[in-house]
Amino acid sequence: MANQIHHIVEILNVEPFKITCRWDTGEKRVNDLEARFSEWENHPLLHALLDYKVFRDVVVSENGTLQWPSVPVTVTFLGKTITEPLDLDPIVLYETSKPLSAYRLVPVEEAA
């Protein structure tokens, strides 16, 4: 049986370089992308995400993955040039994410 490609349904939280999403599996998972920054430093497109002002403008694409509309990617394929927003592979995102339950959450009491 082939592996199913899971997709992001909703972004629940964006904090400095971590994105918590609800997936089509019903799971809430966290992508800690800061760990990937050393790989991205020399990549001209991904390097843009090192700026938190750019990073936090993430959306869910029509294809159910993370997308940054403010970071255009231009590719030429079969003689046709297209420009699309930067997005990340949903397979890699799912495989490198961790369940929200793996993070130690501290309850915060609301002020009276």
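The values are calculated or read from the model by the stated rules, or taken from the named source; none is laboratory data. Computed from a predicted structure; not experimentally measured. Here the Cβ is made from the backbone with ideal geometry for all residues, glycine too, and neighbour counts use every protein chain on show. Remember, those area values only see protein heavy atoms, side chains included, never the ligands or the DNA or RNA. Shrake-Rupley method; radii C 1.70, N 1.55, O 1.52, S 1.80 Å.
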Subject >> Longest exposed-site-free window of the chain, the sites being GluC sites (Glu not before Pro) in a DSSP loop that have at most 13 other C-beta atoms within 10 Å >> reply: 63-108
Subject >> Taking all pairs of distinct alpha-carbon atoms in the chain, Kirkwood radius in angstrom >> reply: 15.4 Å
Original post:
If you plug each phi of the range 89-94 into the Karplus form 6.51 cos²θ - 1.76 cosθ + 1.60 with θ = phi - 60°, what whole-Hz ³J(HN,Hα) values come out, in order, with x for Gly and Pro?
Top reply: 4, x, 5, 5, 4, 5
Subject >> 10 Å beta-carbon shell around residue 93, net charge (K/R +1, D/E -1) >> reply: -2
Subject >> Accessible area per residue in Å² at 1.4 Å probe, computed on the chain >> reply: 70 Å²
Subject >> Sequence-distant residues sharing a close amide H with residue 12 (under 5 Å, placed H) >> reply: 20, 21, 22
**OP:** Determine which lysines satisfy two conditions relative to residue 98: a Cα distance under 28 Å, and not lying fewer than 8 residues away in the same chain.
**Re:** 18, 28, 53
Original post:
residue 37 accessible area, nearest 10 Å², 1.4 Å probe?
Top reply: 30 Å²
